[in-house]
Amino acid sequence: MLIEGGHQLLGLKRRHPIFVMPSAFELSEEEFRCVLKGHEYTHARDYSDGISLGDVVLNHENCGLVQTDTFKAILESRAYANAILMTLRGSGRDTFLPTLVILATYITLLMKTNPCSDFEKLVLDRVRHEAERDFNHIIGLIEGGYCC
Ligand SMILES: [Zn+2]
């Protein structure tokens with residue numbers, strides 16, 4: 001779960017708390033663990049370290065140059081991709097398909113976004129490359145029989 005104003009903490013190397021929606025407690029214990037270790041851990045790591053995109057690091061100093069919706073889509077696409085990879089490794093299989101649909105939605109949003117600055121264009125280029133790599137990796141694992 002993202003925090004309002006959390007971008008001001010991005011990349012400060014501080015521990016970041018993990019928050020979950022009340023509905024998370026309706027999941028099975030295995031699914032809940034998968035959400036924490038896959039999705040929420042990715043958010044906590046990104047907030048602590050900043051978002052490393054090859055030669056670009058999105059952090060508290062520069063994330064204001066990126067549109068709010070782009071920033072949210074970047075965070076969520078990375079978290080959902082990591083959650084899916086955890087699912088394919090064996091836990092939380094019941095949430096696989098809905099999570100894949102959500103990931104595809106965020107990737108589509110990132111592909112359609114018109115950058116508002118040269119910096120955002122650079123970030124989107126890196127994110128799109130990363131998203132395409134992750135998505136192809138996920139599809140490769142599915143084709144290899146690691147899921148469903
Ligand atoms: Zn999230």
Computed ³J(HN,Hα) along the stretch 134-144: with the Karplus parameters 6.51/-1.76/1.60, θ = phi - 60°, integer Hz and x for glycine or proline, the list is 4, 5, 5, 5, 4, 4, x, 5, 4, 4, x
Compactness summary of the stretch 1-133: radius of gyration and Dmax from Cα atoms, Å, are 14.6, 44
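Only helical DSSP H runs with n ≥ 4 go in: add -39500 (n - 2.57) per run for the chain, normalise by residue count and round the 222 nm mean residue ellipticity to 500 deg cm²/dmol. Before the final figure, lay out the partial values.
On the way: 5 runs with 79 residues, N = 148.
It comes out at -17500 deg cm²/dmol, rounded to the nearest 500.
Report relative contact order for the stretch 6-143 in percent, whole number only (criteria: Cα-Cα under 8 Å, sequence separation at least 6). Mind dumping the intermediate values first?
Numbers: 162 pairs, mean separation 37.7, N = 138.
Reported relative contact order: 27 percent.
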Mean-square fluctuation maximum in Gaussian network of the chain, Cα pairs under 10 Å, restricted to Leu124, Leu97, Leu110, hits Leu97
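Charges at C-beta only: +1 for Lys and Arg, -1 for Asp and Glu. How large is the resulting dipole of the stretch 6-143 about its Cα centre, in Debye rounded to 20? Display every interim value, and only then the final one.
Values: 15 positive and 19 negative charges, 47 e Å.
Taking the Cα centre of the stretch 6-143 as origin, the dipole is about 220 debye.
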Charge dipole of the stretch 6-143 built from unit charges on the beta carbon (Lys, Arg +1; Asp, Glu -1), centred at mean Cα; most positive-end Cα among His43, Pro17, Thr105 is Pro17
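Fully extended, how many nm does the chain gain between Phe119 and Tyr41 (0.36 nm per residue separation, minus their Cα-Cα distance)? If you can, show how the numbers build up before the last one.
On the way: separation 78, 0.36 × 78 = 28.08 nm, distance 2.65 nm.
Computed gain between Phe119 and Tyr41 is 25.4 nm.
What's the lysine pair count for the chain at a Cα cut-off below 25 Å, pairs eight or more apart or interchain? Could you put the intermediate results ahead of the total?
On the way: Lys13/Lys37; Lys13/Lys72; Lys37/Lys72; Lys72/Lys112; Lys72/Lys121; Lys112/Lys121.
Qualifying lysine pairs in the chain: 6.
Each reported figure results from applying straightforward, stated rules to the coordinates on display, with no laboratory input. Note that this is a predicted model, so its numbers are computed, not measured. With ideal geometry, Cβ positions are generated from the backbone for all residues, glycine too; neighbour counts draw on all protein chains shown.
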